[in-house]
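Structure record follows, encoded as structure tokens.
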Amino acid sequence: MEKQKFFTPARVVFSLLSAAIMAAIFYLSCENADESSETSGFFTNFVLTHFVRGYADFTPERQAEIHDLASFIIRKCAHFSAYASLGFCTSCAVGRRRLFSLGSLIAWGICILYACSDELHQHFVAGRSCELRDVLIDSCGALTGLIVSMIAMRIFSRKKSEK
């Protein structure tokens with residue numbers, strides 16, 4: 001494997017994208033419990049009204065039960081997705097390497113540390129909490145993004161070498 005340059009346009013772009021994703025995560029974590037519920041409630045209501053057949057005809061109790069479950073799932077999927085995006089971009093910023101390498105560990109470690117700091121930050125926001133479960137979901141999302149980035153880099157590298 002050839003030695004990589006530290007600053008390449010792609011690495012700079014992915015570093016900036018990583019910072020932008022971190023800023024977006026921080027911004028959303030600054031929302032108090034009511035604001036956060038309103039944000040996720042919008043998406044939950046959209047999903048339920050468009051994808052659950054007959055939702056409007058359910059009893060209010062059944063709607064509330066389904067809404068609570070869907071809201072929980074949507075919130076956790078949002079955690080996973082945000083950190084999958086962060087893992088992807090952070091991994092690309094580190095550059096091409098093997099999956100089991102110091103670079104991969106650093107990329108994943110950055111994401112895990114950010115997940116921990118995000119949960120700690122939420123502890124100090126009104127009505128929000130610090131949950132280990134969310135750090136674990138975030139870490140799994142970041143690892144998924146890292147693996148997807150490595151697959152994408154390998155495919156891109158092969159196509160580039162074929163030309």
Next on the checklist: Exposed loop sites here are GluC sites (Glu not before Pro) in DSSP loop states with at most 13 other C-beta atoms within 10 Å. What is the longest stretch of the chain lacking them?
Outcome noted: 3-130
Checklist entry - Which residue, 138, 34, 57, has the most motion in a Gaussian network model of the chain that connects Cα atoms within less than 10 Å? => result 57
Checklist entry - Across the chain, how many lysine pairs separated by 8 or more positions, or lying on different chains, have Cα atoms within less than 25 Å? => result 6
Next on the checklist: Which residue fluctuates most in the GNM of the chain (Cα springs below 10 Å): 80, 42, 14?
Outcome noted: 42
Next on the checklist: With just the Cα atoms defining each centre, how far is region 43-101 from region 117-163? Give it in Å.
Outcome noted: 14
Next on the checklist: Are there any trypsin sites (Lys or Arg not before Pro) in region 1-64 that are in a DSSP loop and have at most 11 other Cβ atoms within 10 Å? List them by number.
Outcome noted: 3, 5, 53
Next on the checklist: If neighbour count is taken as other Cβ atoms inside 10 Å, put 100, 46 in order from fewest to most.
Outcome noted: 100, 46
Next on the checklist: Between 0 and 90 degrees, rounded to the nearest ten: what's the tilt of helix 9-29 against the longest Cα principal axis of the chain?
Outcome noted: 20
Next on the checklist: If you take semi-axes √(5λ) of the Cα gyration tensor in Å from the coordinates, which of (1) 21, 19, 16; (2) 28, 17, 14; (3) 36, 19, 12 do you get?
Outcome noted: (3)
Item to check | Label-point gap, in nm, between residue 16 and residue 99 - each point 7 angstrom along Cα→Cβ | outcome: 3.2
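Each reported figure results from applying straightforward, stated rules to the coordinates on display, with no laboratory input. Just so it is clear, the structure is predicted and the values come from calculations on it, not from any experiment. Virtual Cβ from ideal backbone geometry, glycine too; neighbours counted across all protein chains shown.
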